[in-house]
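In what follows, a structure is listed as structure tokens, so that the remarks can point back to it.
The values are calculated or read from the model by the stated rules, or taken from the named source; none is laboratory data. Just so it is clear, the structure is predicted and the values come from calculations on it, not from any experiment. Here the Cβ positions follow ideal geometry from the backbone for every residue, glycine too, while neighbour counts run over all protein chains shown. Heavy atoms of the whole protein, side chains included, go into the accessibility calculation; ligands, DNA and RNA do not. Shrake-Rupley method; radii C 1.70, N 1.55, O 1.52, S 1.80 Å.
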Amino acid sequence: MRRHGPGPDAPRPRRTVVPALLVFWLVIPLTPLLMWATATRWSGVARLPQDFGLHGWQEALDAGVIAALVRSGLLGVAVALIATPLGVMAGRALGWRLLHRSALPSLVLLGPVVLAPFAVAMGLDVVILRLGVPGEIAVVLVLSVFALPYTTFTMRATYLGLDPALEEQARVLGATPGRARRRVTLPAASTGLVTATGLAFLVGWSDYVVTLLIGGGQIVTAPMLIGASAAGSGNDALTSTLAISVSLPPMLALGAFTYAVARRRRAAHS
Amino acid sequence: MTHVQSTSPETRDGRRATEALGGARLVAPAVLLVLVVTGTALGAVVATSLGLLPLVGQPRLSVDGFTVVAGDLRAATQESLLIAATATLFAAVIGLAIATVVLRAGRGRRIVIVLTVVVLTVPHLVGAAATGLLLSDVGLLQRWTGIPATSWPELVGGRWPWATVLELAWKESSFVALVVIASAGRHYADLREVAAVLGAAPRAQWRRVLLPLSAPALASASLIVFVYSLGTYEVARLLGRAYPDPLPVMAYRLFTDIDVAARPQAAATAVVATGLALLSAVICLPLARRLGADR
């Protein structure tokens, strides 16, 4: 490594400018949503809305946003219920190196990252039409496949950081294998478990193209409403309120989770 | 990592065999689900593209699905590659900048990391709707800059896919940043201290410590962003121009065409998109692995 003499560590403007530019980059695309969601009139080239109000929210309620959000939530829960347990099992095998050859299963489980959801949905749509499988089941299955890489590799990383000896000790002390897993390992893996569940939920919650292709417009989730509004209506206040309604719940859940983890860490340290 | 200690080789081998059997049982359900769903779906897409799974009529092996729209396929492939390559480049550079600010623990670190996580949770569809409201000729930037709508550049739906690229780069820069932070963060603090003690200037610390440490994560995250951008539908659908449309938009357009004869063409488009993504993975994975092995 080349050595440099210790120079004067004067504050340089770049240290403030770069973070400020990054904050601008991250915030600016969301700004019009927040402004339109509180505007009732914003015509022409006016820099700010002429009238503020919650008109857009009333329209979103009329468009059935509550039912659509519930449907999105159910889809997220269904995907998490399939992809999380399967991911926990696979993550345990990969993280604790319980397989002779783990390269092939790892490759298969990473595979969905490379595949385009629209291509998989399109292919499955052809098959379910012939087999008469309900669209809802196909949507959940496809999205679970796309959630599996997230749950598996989150849990693999979690198990890598856990000592298998802990579970063995519980068994030596008389716990059954199932009880040792449930009472010892899973609580120790809880942060990873919540992260994996959250990621799987988000795959179902925010999906658009799989529901659109397989559901054929019959399964009206919240992203369907946003897509319809953004593509054709020209009603920017409605689009913005719908977009905020979809984005806010995961953010609040993430905030609550981060707060809970920080509190637990503080409690553990004190 | 093994938790079997001070046992005889025979017992150890027996334990390993039992473990491997248990391990196989643990991965089997996930592997089976992925293989059955993606195998069935991709098999059906390939069969449809070759005329073997027509919606109506008799199956007949033919490559018409590919040849009839060959010109459009070429244009769509170019558009998709252009979008994916540019978005990946922007996402990688900006993602690395975000990771640098966060890992160096300098000014503004906390707000940058909070915003990065917030952006990651926002769905692409929301990002696309928001980008449209920001960059269109009656969008927020046009209103704020005061440039007349007639002189405003065609960022949304114009000749060059600016809005699509910027939305993908925006969302994915947060993904790249978080992957790099998670992977390099642990070692960087220690190594940076050593580098500082040895007299390395901040710039040298970045080039000689942070960059090599981040390289494997940066490479794999960039590959994921590239294949994601190749396969994403909603962003280009909302922000792109009508022609040439990228592969996913073209596939959906043909798939929903009133003429069911367009189905093989839609499937052919999906086959090309899947082939491109797989090819990029095959080309880039060894590179990512080599960067990781060098560490």
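Give the average over all directions of the projected area of the C-alpha convex hull of the protein assembly as shown, one decimal, in nm². Can you show the working numbers first?
Values: hull surface 126.3 nm².
With the hull built on Cα positions only, its mean projection is 31.6 nm².
With a 1.4 Å probe, how much accessible area is buried between chains A and B, both sides summed, in Å² to the nearest hundred?
Numbers: alone 17440 and 17560 Å², together 27130 Å².
Rounded to the nearest hundred, the buried surface is 7900 Å².
Under DSSP H, which helices of chain B have Cα atoms covering 18 Å or more of the helix axis and a Kyte-Doolittle average no less than -1.0? Display every interim value, and only then the final one.
On the way: long enough: B:9-49 (55 Å, 0.70); B:70-103 (48 Å, 1.48); B:109-121 (19 Å, 2.09); B:162-197 (45 Å, 0.71); B:211-231 (29 Å, 1.61); B:263-294 (47 Å, 1.00).
Both cut-offs are met by B:9-49, B:70-103, B:109-121, B:162-197, B:211-231, B:263-294.
Given the options A:141, A:252, A:199, state which has the largest fluctuation in a GNM of chain A using a 10 Å cut-off (strictly under) for Cα springs.
So, out of A:141, A:252, A:199, the one fluctuating most is A:252.
State, to one decimal in nm², a quarter of the convex hull surface area for the C-alpha atoms of chain B, i.e. the direction-averaged projected area. Display every interim value, and only then the final one.
Values: hull surface 92.5 nm².
Result: a mean projected hull area of 23.1 nm².
Among A:174, A:44, A:192, whose mean-square fluctuation peaks in a Gaussian network model of chain A (Cα, cutoff 10 Å)?
In this elastic network of chain A, the residue with the biggest mean-square fluctuation among A:174, A:44, A:192 is A:44.
Taking the Cα centre of each part, how many Å lie between the range B:20-99 and the range A:73-129?
15 Å
Using only the Cα atoms of chain A, build the gyration tensor, take square roots of its eigenvalues as a ≥ b ≥ c, and label the shape rounded, prolate or oblate: rounded if a/c is under 1.5, else prolate if a/b is larger than b/c, else oblate.
Details: a/c = 1.98, a/b = 1.22, b/c = 1.62.
Cα axes put chain A in the oblate bin.
Per residue, how many Å² of accessible area does the protein assembly as shown show with a 1.4 Å probe?
Numbers: 27130 Å² over 565 residues.
Accessible area per residue, the protein assembly as shown: 48 Å².
Given Cα pairs under 8 Å that are at least 6 residues apart, what percent is the relative contact order of chain A? Please report the intermediate quantities before stating the final value.
Numbers: 288 pairs, mean separation 73.5, N = 270.
About 27 percent, as a whole number.
Roughly how big is chain B's charge dipole about its Cα centre, with Cβ charges of +1 (Lys, Arg) and -1 (Asp, Glu), in debye to the nearest 20? Don't jump to the answer; show the numbers that get you there.
Working: 25 positive and 17 negative charges, 216 e Å.
Value, rounded to 20: 1040 debye.
Along the charge dipole of the range B:93-238, which of B:131, B:163, B:212 sits closest to the positive end, that is, farthest toward it, with unit charges on the beta carbon of Lys, Arg, Asp and Glu (+1, +1, -1, -1)?
B:212
To the nearest 20 debye, what is the magnitude of the charge dipole of chain A about its Cα centre, counting +1 on the Cβ of each Lys and Arg and -1 on the Cβ of each Asp and Glu? Write down the numbers at each step before the final one.
Working: 22 positive and 11 negative charges, 296 e Å.
Result for chain A is approximately 1420 debye, rounded to the nearest 20.
Which is the longest stretch in chain A that no exposed loop site breaks, taking sites as trypsin sites (Lys or Arg not before Pro) with a DSSP loop state and at most 12 other Cβ atoms within 10 Å?
On the way: sites that count: A:2, A:3, A:47, A:101.
In short, A:102-270.
When only the heavy atoms of the protein chains count and the probe is 1.4 Å, how do B:154, B:172, A:168 rank by accessible area, highest first?
B:154, A:168, B:172
So what's the net charge close to residue B:264: Lys and Arg +1, Asp and Glu -1, counting the other residues with Cβ under 15 Å from its Cβ?
-2
Counting only protein heavy atoms, what percent of the accessible surface of the protein assembly as shown is carbon or sulfur at a 1.4 Å probe?
Details: 17720 of 27130 Å².
Exposed carbon and sulfur together represent 65 percent of the surface.
Counting C-alpha atoms alone, how compact is the range A:155-270: give Rg to one decimal and Dmax as a whole number, in angstrom.
20.9, 66
Of A:123, B:48, B:281, which is farthest towards the positive pole of the protein assembly as shown's charge dipole, taken about the Cα centre with +1 and -1 on the beta-carbons of Lys, Arg and Asp, Glu respectively?
B:281
Which of the peptides B:189-202, A:54-67 is most tightly packed, and how do the rest follow, going by the mean number of other Cβ atoms within 10 Å of each residue? Mind showing how you got there, number by number?
Numbers: B:189-202: 15.1, A:54-67: 16.7.
Ranked by mean Cβ neighbours within 10 Å, highest first: A:54-67, B:189-202.
Check each residue of the range B:127-167 and keep those whose accessible area, probe 1.4 Å, is at least 30 Å² smaller with all protein chains in place than in the chain alone; give them in order of residue number.
B:129, B:130, B:133, B:134, B:140, B:143, B:144
How large is the helix-only mean residue ellipticity at 222 nm for chain A, computed as the sum of -39500 (n - 2.57) over DSSP H runs with n ≥ 4, divided by its residue count, in deg cm²/dmol to the nearest 500?
Only helices count here, giving -22500 deg cm²/dmol.
State to the nearest 20 debye the size of the charge dipole of the protein assembly as shown about its Cα centre, where the only charges are +1 on K and R beta carbons and -1 on D and E beta carbons. If you can, show how the numbers build up before the last one.
Working: 47 positive and 28 negative charges, 501 e Å.
It comes to approximately 2400 debye.
Which trypsin sites (Lys or Arg not before Pro) in the range B:85-182 sit in a loop by DSSP (not H, G, I, E or B) and have at most 12 other Cβ atoms within 10 Å of their own Cβ?
Working: sites: B:104, B:107, B:109, B:110, B:143, B:159, B:171; in loops: B:104, B:107, B:159.
Here the trypsin sites (Lys or Arg not before Pro) that fit, given the DSSP loop and packing criteria, are B:159.
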